[in-house]
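None of the figures in this text is laboratory data; all of them are computed from the coordinates on show. Remember, it's a predicted structure, so these values are computed and weren't measured experimentally. No Cβ is skipped: glycine too gets one built from the backbone with ideal geometry, and neighbour counts run over all protein chains shown.
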Amino acid sequence: MNPSSEITVVLPAALHARPAGAVVRAAAGFEASVEVRHDGRTASARSALRLMSLGAGAGSTVVVAAAGVDADDAAAAVAAVLREAS
Amino acid sequence: MDMALVGIVLVSHSGKLAEGVRDLLRQVATEEVRVEPAGGTASGELGTDAAAIEAAIGRADTGAGVVVLADLGSAVLTTRAVLADLAAGPVLVDAPFVEGAVAAAVLASTGADLATVADAAREARDEPKF
């Protein structure tokens with residue numbers, strides 16, 4: 001069974017185009033598959049368009065969920081990008 | 001180590017539209033990805049120009065291939081005519097201009113290969129905006 005990891009992040013800024021691109025780049029460096037969940041919806045961290053379509057605004061809460069051999073590091077890297085979003 | 005990234009060409013009837021999308025991609029996908037606009041005619045009118053498209057494809061290619069996005073109608077036709085005269089390689093993708101370009105450029109910025117970048121642009125057809 002693959003390890004998995006979940007990290008909750010309160011967004012300092014909306015998950016709009018620039019942070020979505022940064023999330024995709026962060027997740028691409030890992031083998032684990034990474035998702036971002038918001039308000040009952042899920043977007044793959046491989047798709048900037050899906051991440052933007054979540055409509056996650058500033059101050060909202062998202063969950064970064066990773067599954068795979070490097071799930072802990074992948075979730076941490078994506079969460080770090082989201083915490084620094086501007 | 002420098003890794004070649006897939007380049008993006010934006011074919012539009014409007015130079016301003018192509019350049020505006022290029023500016024957007026720089027923000028979303030970093031300046032590492034080469035994005036070349038080919039918009040308008042040689043005299044600056046609305047329209048498409050085969051020579052400008054061919055030159056943009058040449059500038060965008062740094063060794064990993066090129067994905068071409070076209071806005072409408074004759075942008076597709078002119079691009080197809082240009083590609084027919086070039087060696088196989090550059091891929092014209094059937095995708096919405098802005099969303100396809102964003103999806104492609106973001107994937108290109110991760111170092112993804114040509115097929116993956118082209119697929120990302122193609123998938124933009126079916127992505128809801130909200």
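Return one number: the angle in degrees, 0 to 90 and rounded to the nearest 10, between the long axis of the Cα atoms of helix A:17-28 and the longest principal axis of the Cα atoms of chain A.
0 degrees
Can you put A:VAL69, B:VAL93 in order of Cβ neighbours within 10 angstrom, beginning with the fewest?
Ranked by crowding around the Cβ, least crowded first: A:VAL69, B:VAL93.
Charges on Cβ only, +1 for Lys and Arg, -1 for Asp and Glu, centred on the Cα centroid of chain B; of B:ALA103, B:VAL67, B:ALA42, which one is farthest towards the dipole's positive end?
So the residue furthest toward the plus end is B:ALA42.
Using R₀ = 45 Å, calculate the FRET efficiency as 1/(1 + (r/R₀)^6) where r is the Cβ-Cβ separation of A:GLU84 and B:ALA42; round to 0.05.
Once the sixth-power term is evaluated, E becomes 0.55.
Give me the net charge of B:PRO96's neighbourhood, meaning all other residues with Cβ under 15 Å from the Cβ of B:PRO96; Lys, Arg count +1, Asp, Glu -1.
That sum, taken over residues with Cβ under 15 Å, equals -3.
Just to confirm a number: summing +1 for Lys and Arg and -1 for Asp and Glu over residues other than A:VAL78 whose beta-carbon lies under 13 angstrom from that of A:VAL78, what do you get?
-2
Once you average over the residues of A:45-53, how many Cβ atoms of partner chains fall within 10 Å of each Cβ?
Neighbouring Cβ atoms belonging to other protein chains average 6 per residue here.
Would you tally the net charge around B:ALA50, using a Cβ to Cβ cut-off of less than 12 Å, leaving B:ALA50 out, and scoring K and R as +1, D and E as -1?
After counting each charged neighbour, the total is -2.
How many Å³ per residue does the convex hull of the Cα positions in the stretch B:21-73 occupy?
Spelled out: Cα convex hull of the stretch B:21-73, divided by residues, is 91 Å³.
For the stretch B:32-130, run through the GluC sites (Glu not before Pro) and keep only the ones in DSSP coil with at most 12 other Cβ atoms within 10 Å of their Cβ.
B:GLU45
Mind checking the angle between helix A:71-83 and chain A's longest principal axis? C-alpha axes, 0 to 90 degrees, to the nearest 10.
With rounding to tens, the tilt is 10 degrees.
Give me the base-10 log of I(q)/I(0) for the stretch B:7-126 at each q in 0.19 Å⁻¹, Debye formula, one uniform scatterer per Cα, rounded to two decimals.
Calculated log10 I(q)/I(0) at the listed q: -0.90.
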